[in-house]
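Working notes for the structure below.
The values are calculated or read from the model by the stated rules, or taken from the named source; none is laboratory data. Only a predicted model underlies this, so the values are computations on that prediction, with no experimental measurement involved. Cβ sites come from the backbone with ideal geometry, for glycine too, and all protein chains shown count toward neighbours. When the accessible area is computed, the model is the full protein with side chains, heavy atoms only, and any ligands, DNA or RNA have been set aside. Shrake-Rupley method; radii C 1.70, N 1.55, O 1.52, S 1.80 Å.
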Amino acid sequence: MHQPVGNRLRRSKLAGIAAFTFSFAAVLSTVGCGNQYRPVVSAIGPVGPAGQPAKYAIAVSSPSSTSPGLLTAVDFAGDTVLSTPQILSDPSYFQLNANGTQGFVIDPQGSLNTIPLSTPYSLLTSQVVQTTLPTGSNPVSITSFAPASALLTVFVPLATPRTVAALNAGTAALYDTVGIQGTGTPVYVVGATSTPRVYAISQNGTSALGQVDAIETVSTTSLSDSAQIPTGINPVYGVMTPDDRRAFIINQGSGTVTVLNVPSNALDTLPTGTPTSGPGTIPLCANPVAGNAPCPNNNPVWADLNTVGTELVVLNKGDGVHAGSLSVINIPLCNPSAQGTNPNCSSTNPVDATGFGQILATVPVGVNPTMVSVLQGTDTNTPAAYVINQSDSTGTCTDTDSGTLTVISLQTTQVVTTICGVSGANATADANGTANVIFGHPNSVSATGGAPTGKVYVTASDNTYLNVLYTDTNSVQTHIPLQGNGLRVLVTQP
């Protein structure tokens, strides 16, 4: 006779319990006096918080000239704010160190903040270290490199008394200053990781030639000025290639690029046939004029490198009324495989390859552009340049008084799209309800790759939001509050 299934299950459970009780009693009966039964416990792996993002966007903003500034750390993966520590009041310039683990901020009065960024999700105001530069120094900008000495160094050009201050990035202590030769005022220091020297750019006014001072960085205790090299009129910015072979100085007054051969510490010898307006000088217009201003209306203001395509992109402000432009310049060095047939192609000091200095394209952008950032090509991103402009030049944006963002493919050297902007009362607090627009008049842009999409971050000097564009669709997807008008945004990894 078949028993009900429920009865069989109940009997099976009772039998199991009885067997367990008997076994447990047997164990107890074998335990000697003074011993205690210790059950075996299998450890279960702890379940903690999700891994922290490996890449961050770091934005500096200022609520007012008298209130403490703010540093806003945003995780790349989720577009969420991780921390907002206070920094010095009235910040004027912001930079990261070579590996993105520290931030540096200065104000016009000569104070410098050092900010640890290895764990920005737990960054506190109390961790921000303040250093005072020499009284009345008027710091202009900041750059930071790990030069050949392996001492991670912060370089700060000082308008008074025309020197470059060098600080130990780890301790924020001043370890040397280098005086600028001549009468120029230093405005920026150009360098790269492991470079044997950096170059301090100095201006002699808006109508005279500038110069660069070569600062040797091999020593860990002192720096020296090894050479003074002339540039064009009113140099304003510069970049150095990651292999520290060439440095490019942007001359706003001349509308030219001065090319420095870093290993030889001199003006570069451009290949035969390269358009030039002087030794080591690339003009940025098709028909340069004679004299010290061969391209007087170009007004270049910024530059970046397309390392995948061995290209230099230079942003030309233009006359401030009509559309500016982006010059794409070919900058290849001779291939090491050619050393057998070309004895001048040295691995320690390679010469420029054929086509070096040729302008590949001049692409129109918006009116009064101020900065460009290159998204390097990866498996999920194609190389592109992102240019911020103060107003529209296409005639398609509704708010004609607002800034725009121009997206340019560096594969085709064509404009992909222009992101329009809104300003004033149109840029409301309901930020994420307003898709695919730039808020305010942008003053900084920073692009970084990623999978499945890279991102481009934009701040504005008259708006309290960080604009975030996704590169897979080239559209602004979100706006993140900064609690103050934007000064600059940078990413900890390219």
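Could you tell me which residue of the range 64-100 is nearest to residue 127 (Cα to Cα), considering only residues that are assigned to a strand (DSSP E or B) and polar (S, T, N, Q)? Steps first, answer last, please.
As a first pass, look at the range 64-100 and keep what is assigned to a strand (DSSP E or B): 68-75, 81-83, 86-89, 93-96.
With polar (S, T, N, Q) added as a condition, the list becomes 72, 83, 86, 89, 95.
Details: 72: 14, 83: 12, 86: 10, 89: 16, 95: 17 Å.
The qualifying residue nearest to residue 127 (Cα to Cα) is 86.
Within the range 164-175, is there a residue that is open to solvent by 20 Å² or more (accessible area, probe 1.4 Å), touching a Gly at 6+ places or on another chain (Cβ under 9 Å) and of a type in the set (A, V, I, L, M)?
Checking the range 164-175: not a single residue is open to solvent by 20 Å² or more (accessible area, probe 1.4 Å), touching a Gly at 6+ places or on another chain (Cβ under 9 Å) and of a type in the set (A, V, I, L, M).
Are any residues in the range 475-492 hydroxyl-bearing (Ser, Thr, Tyr) and within 19 Å of the chain's Cα centre (by Cα), and if so, which ones?
Within the range 475-492, 492 is the sole residue that qualifies.
I need the full set of residues from the range 268-303 which are surrounded by fewer than 22 Cβ atoms within 10 Å (Cβ to Cβ) and within 22 Å of the chain's Cα centre (by Cα), in order please.
Scanning the range 268-303 gives a single hit, 301.
Please go through the range 247-267 and give me each residue that is open to solvent by less than 10 Å² (accessible area, probe 1.4 Å) and either modelled with pLDDT under 95 or part of a loop (DSSP other than H, G, I, E, B) (or both), ordered by number.
Scanning the range 247-267 gives 254, 255, 262.
Can you find a residue in the range 134-145 that is of a type in the set (Gly, Ala, Ser) and loosely packed, with under 15 Cβ neighbours inside 10 Å?
Yes, the range 134-145 contains a residue that is of a type in the set (Gly, Ala, Ser) and loosely packed, with under 15 Cβ neighbours inside 10 Å.
Can you confirm whether residue 483 is under 30 Å from residue 89 (Cα atoms), touching a Lys or Arg at 6+ places or on another chain (Cβ under 6 Å) and either open to solvent by 10 Å² or more (accessible area, probe 1.4 Å) or polar (S, T, N, Q) (or both)?
Judged against the criteria, residue 483 is not a match.
Looking at the range 347-369 only, could you name the residues that are farther than 15 Å from residue 387 by Cα and open to solvent by less than 40 Å² (accessible area, probe 1.4 Å)?
Once the filter is applied, which keeps residues that are farther than 15 Å from residue 387 by Cα and open to solvent by less than 40 Å² (accessible area, probe 1.4 Å), the range 347-369 yields 350, 352, 353, 355, 356, 357, 361.
Considering only the range 370-411, how many residues are of a type in the set (Gly, Ala, Ser), under 16 Å from the mean Cα position of the chain (by Cα) and open to solvent by 20 Å² or more (accessible area, probe 1.4 Å)?
1
What tally of residues in the range 125-163 results from selecting those that are in a strand (DSSP E or B) and under 13 Å from residue 110 (Cα atoms)?
7
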